[in-house]
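Encoded as structure tokens, the structure appears first; notes follow it.
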Amino acid sequence: MDFTYPPEAEAFRKEFRAWLDANLRDDVRGNGLGGSLETDDATLDRLRVWNRTLADARYAAIAWPEEWGGRGASVMEQVVYAEEMHRAQAPGTLNPLGLSNIAPAIIDHGTDEQKRTLLPRMLRGDDIWCQGFSEPNAGSDLASLRTSAVRDGDDWVVNGQKTWNTLGNLANWCELLVRTDTSVKHKGITCLLVDMTLPGVEVRPLVTITGEKEFNEIFFTDVRVPVAQTLGPVNEGWRVAMTTLAYERGTVAKLHLGLRSKVQRLLDEAKRTPLGDGRMASDDPVLRRDLARVYLEAELLKLISDRAISAEVHGRAMGPEGSIAKLVWSEAEQHLTEVASAVLGPDALQGPWARDRVYSRALTIAGGTTQVNKNILAQRILGLPRS
Ligand SMILES: Cc1cc2nc3c(=O)[nH]c(=O)nc-3n(C[C@H](O)[C@H](O)[C@H](O)COP(=O)(O)OP(=O)(O)OC[C@H]3O[C@@H](n4cnc5c(N)ncnc54)[C@H](O)[C@@H]3O)c2cc1C
């Protein structure tokens, strides 16, 4: 690690920790959207109150510019923020996708009206946002998307289908990618900000292997979206939608924080789990080897994250470190649940380990699959030709 926590970041830690101690109520601690996205109304209400508390104190999106309710936080302050939220088991906001992926595009490309009407409500969790990018035949090859928008007066008329929309069942706004020119690929895509209550929008939840309604299909039938809700120039939607993570540079630290505490939990449980022959699971040489492997994977992820943060601190763009971190994290999460099953036996078939075991399959798909990430690394780091 070739960076240290500067005094400002430590001062921020002290201030934020004291604020969390004073404001985080036990009924929301550890109960964010992350655990189960099939959130009941009462939980949602509690999380919304917590979201507003964060926003009112300008702690909902510290990386956002001050003008829009953030703090313009430095990379190291963002790292400290992630560490303190994790330490306190504080849930994030109701807009995990909105704050880090959608807002940067609105801040950079939106009209004054779009920013003024949409950002404060997103920050407070008054509106919940989802991303309508993927389609049944356009996932990794997203630019093949076919949901169409045809101009008619002051409206776009939208028809088509999106799928795998996280939070789509709770969302009332959607960042939607549509095709506005069929004669070209990337250059024929436009980004729209769509009010999900408009006539013709139909959300159908998909039940996942965990039994949760995390994803959705969204169908658009002759939906009239005002042209004023176009984000950025027509046919520039690809560039607009890729304006993600521009303000959330410290969040890469979140990955290893979560993984390393799960590894620690498993190590502790291994010391308490009897094998039936007088030994504990942690005494078995094969299990010890497997535990050591996932421990090292988690520590490796921390080093990769430190390296990405170091690049930011020294003014270099993050580059492919993000893809490396995603790759290592998603595979390590899967390995960890496999080792948990071996260590805990039937006890791993219930509770959080059981959910993680099936849920973690999604991690090597979401946000760019393992194979696609490997392609990126092959080209950008190893300098290999495109296949
Ligand atoms: C947890 C989760 C949350 C998601 N949330 C959202 C969301 O909110 N909004 C949204 O729009 N989408 C969302 N998605 C969809 C996600 O972006 C896509 O699943 C992902 O991009 C892969 O697309 P696909 O499922 O169509 O698979 P495909 O692209 O059809 O891939 C199928 C297989 O082929 C492989 N493959 C594809 N292309 C290549 C290649 N060039 N080289 C080598 N192998 C290749 C893939 O790695 C994969 O194994 C989410 C997915 C998950 C799992």
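A few remarks follow.
- The dipole here belongs to region 252-380: it is taken about the Cα centre, uses +1 on the Cβ of Lys and Arg and -1 on the Cβ of Asp and Glu, and is about 320 debye.
- Under 5 Å, built H, 5+ apart or other chain: amide partners of E135: T163
- Net length gained if the chain between R204 and K185 were fully extended (0.36 nm per residue, minus Cα distance): 4.1 nm
- Cβ-placed point charges (K, R +1; D, E -1), dipole of the chain about Cα centre in debye, nearest 20: 740 debye
- Each DSSP beta bridge with both residues in the chain is either parallel or antiparallel, and the antiparallel ones are about 85%.
- FRET efficiency, 1/(1 + (r/R0)^6) with R0 30 Å, evaluated for N172 and E338 via beta carbons: 0.20
- Working note: 222 nm ellipticity from helices only, DSSP H runs with n ≥ 4, each -39,500 (n - 2.57), summed and divided by the residues of the chain, gives -14000 deg cm²/dmol to the nearest 500.
- At an R0 of 35 angstrom, the distance between the Cβ atoms of E331 and D27 translates into a FRET efficiency of 0.50.
- Spin-label model distance (nm) - R288 vs L142, 7 Å beyond Cα toward Cβ: 4.6 nm
- Once the Cβ-Cβ distance of K271 and R316 is raised to the sixth power relative to R0 = 45 Å, the FRET efficiency obtained is 0.60.
- Whole-Hz ³J(HN,Hα) from phi, Karplus 6.51 cos²θ - 1.76 cosθ + 1.60, for region 296-309, glycine and proline x: 5, 4, 5, 5, 4, 4, 4, 5, 5, 5, 4, 5, 5, 5
- Net charge over other residues, Cβ less than 12 angstrom from the Cβ of E84 (K, R count +1; D, E count -1): 0
- Entries of K162/K254; K187/K213; K213/K262; K271/K374 with Cα pairs more than 30 Å apart: K187/K213; K271/K374
- Cα-projected label distance for L300 with V234, points at 7 Å along beta-carbon direction, nm: 5.0 nm
- Potential extension, E10-S387 segment - 0.36 nm per residue separation minus Cα distance: 131.1 nm
Read the figures in this text as sums done on the coordinates, not as results from a lab. This one's a predicted model, so the numbers in the text were calculated from it and none came from an experiment. Don't worry about glycine lacking a Cβ; one is built from the backbone with ideal geometry, like all the others, and counts go over all protein chains shown.
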